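Worksheet for the structure shown next.
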Amino acid sequence: MTPIRRGSGCALTWLAAVLVSTGVAGWTVSVDAQEPFVEITFLDVGQGDAVVVRAPGGRTAMIDAGRGEPLRLLQRMGIEEIDLLVATHPHADHIGGLDAVLTTRPVRYFLDNGRPHTTQTYRQLMATLERLSDVGYLEAVPRTVSLGSVTLEVLPLPPGDVGHNDRSIGLVLRFGDFSAFLSGDSERTQLTHWTRAGSVPKVTLLKAPHHGAANGFTMDFLEDARPEVVVISVGADNPYLHPRPSALSAYLSIADHVLRTDRDGHVTVLGYADGRYDILHGRELATRALVTSGRASSATSSASAAMSGSFATASPAAAFSLTVSPDEPGDDHRNLNGEYVTIENHGEEAVDIGRWLLCDLSSRCFRFPDGARLEARRRVVVYTGYGMSDGVSFFMNNSRAVWNYDGDEASLFDANGNRVLRHVYE
C-alpha cells in the first residue's frame, strides 16, 4: 500500500500516518483519532465501478459493486453493514455485485435512477429487493442524504429520453472543505446538463465518469470541477481501450494526481474537514485503525481478529471455534464429503443449535435441524455432500462443492438470525 500525502497545496501538519502490516493481505492505517476523516475507496474490480464511502462516525455507503461479487473485499475492509447502497445505472459492470451485497450485508436504504433494464442481472436485483422488505427505497430526485458528518447530494437527472449512461446518478460528497464528485458512466449529454444547470462545484476528488472514456468528459465540466485528484476505475486490457488518451490528457491538465485501478490497484482517499487529503493505493486494501493514547480501539481489535481467523460476537459462541477444511485431494465436486466444517464447543455447557445457520460468503447455507445440540467440549462436523445426520455428523446435501479452496468466509447464525461466529481463511 503506497501512501501519497498532499493537501490544498500545503504539507500535512498532523502526526504521520503509519502503515502497519496485519499479517494478512491488507494494511492498517493508524492515524490520530482526534482528526476525523472521510474514507473513499475505489475498489479494483476490473472493468467496472465499486466505491465504498466511510464517514468518521462509522456510517457507510457503497456506490455500485462491479460485475462480480465484492464480498471478500468488503470483508477485508471490515464492512459489516451498509447505510446506503447506490446503483448509479443498471449496467452489469456496475450492478452485477449488488445482489450478493444485499443478501449478505444489512442495508438500510437503496437508491437507483428508476430506469428499468431488460437484463437478467437487473431482474435478479429487483427480485431480491422485493424480497427484502426491510430495505428502504430512495428515488433519485434532488436530495441530500446524510451519513453523519458527511453528506451526499443527489444531482438532478437530465430530462427527456436519454440512454442509461446519461441517466447515471451523480453525487457530490461533502465533509467540511473536502468534496468529491461521483457518478457512474455519465457521458457528454449528462455532464453538459449539469454544467449548464450550475450543479458542478469545485471538488477535491473526481471519479472519472465512464471509466475514462473519450465521451466521459467535457472541458467545461472539468473547468468547473477543478479536481485535485482524479481516480479512474478501469480494468486491465479492457476491450474498450479505456482510459482513452484524450481523457487522460484532459485529467492531467487539470488534476495534481491521476490514478487508475488497473495500474494502481485499490485507491483510498482520506479527506479531512479542512480540505487536506491523503492517497493510499496498492494491491492490498487499507483497513482503518483509530489509535487513542497508543492503544487500538476495540472496533479495530475486533476487525483484526476477524481477518486472522475465527472470532465470536456474542455468547455462547465465545466458547465456540470453527474451522473449514475446503480442499481435499482430487476433484472436490466428486468428493463432496472431502470438504467439511468443524464446529467445537469449548465451554462447560451444551448449546441448543437447532435452526442455526452455517453459511459461506455467497450465502450458501445449511440449517441445523430442530433439536440439534452441541455438547460441552464436543464437536460437530458439517459435510458438503450427501449423508444421514446422526447428531454429530451433518450433511448439507449439496451436489456441488461449497467452500472455496483459495479463501472464503464461514458464518454461524443463531435461530434469531444473529451472527455469533465468523471464520475467515485465505
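Quick notes on this structure:
- Estimated from the Cβ-Cβ distance and a Förster radius of 56 angstrom, the FRET efficiency linking Arg379 and Arg143 is about 0.60.
- Prolate/oblate/rounded call for segment 99-156, Cα gyration tensor, a/c under 1.5 rounded: oblate
- Each label was represented as a point 7 Å from its Cα along the Cα-to-Cβ direction; for Ser199 and Glu81 these points are 3.1 nm apart.
- Note on Ser253 and Tyr405: with the Förster distance fixed at 56 Å, the Cβ-Cβ geometry gives a FRET efficiency of about 0.75.
- Other residues within the sphere of radius under 14 Å centred on the Cβ of Ser362, judged by their own Cβ, net out at -2 (K and R +1, D and E -1).
- Segment 61-175 shape via C-alpha gyration tensor axes, a/c threshold 1.5: oblate
- Residue ranges 253-261, 400-408, 58-66 sort as 58-66, 253-261, 400-408 when ordered by packing (mean number of other C-beta atoms within 10 Å per residue, highest first).
- Centroid-to-centroid, using Cα positions, segment 353-426 and segment 208-247 are 45 Å apart.
- Of the trypsin sites (Lys or Arg not before Pro) found in segment 127-213, those in coil by DSSP whose Cβ has at most 14 other Cβ atoms within 10 Å are Lys202.
- Using the Cβ-Cβ distance between Thr189 and Ala127 with R0 set to 30 Å, the FRET efficiency from 1/(1 + (r/R0)^6) comes to roughly 0.45.
- Length available on full extension from Arg263 to Ala236: 0.36 nm per residue minus the Cα-Cα distance, which gives 9.0 nm.
- Prolate/oblate/rounded label for segment 119-199 (Cα gyration tensor, a/c 1.5): oblate
- DSSP-loop GluC sites (Glu not before Pro) across segment 95-197, with at most 11 other Cβ within 10 angstrom: none
- Karplus (6.51, -1.76, 1.60) ³J(HN,Hα), θ = phi - 60°, over segment 256-269, in Hz, Gly and Pro reported as x: 6, 9, 10, 10, 9, 5, 5, 10, 9, x, 5, 10, 10, 10
- Asp220-Arg115 pseudo-label distance in nm [points 7 Å out on the Cα-to-Cβ vector]: 2.0 nm
Every read-out reported here was derived from the displayed coordinates using simple, explicitly stated rules and does not represent laboratory data. Source: prediction; values computed, not measured. Glycine also receives a Cβ, built like all others from the backbone with ideal geometry; neighbour counts cover every protein chain displayed.
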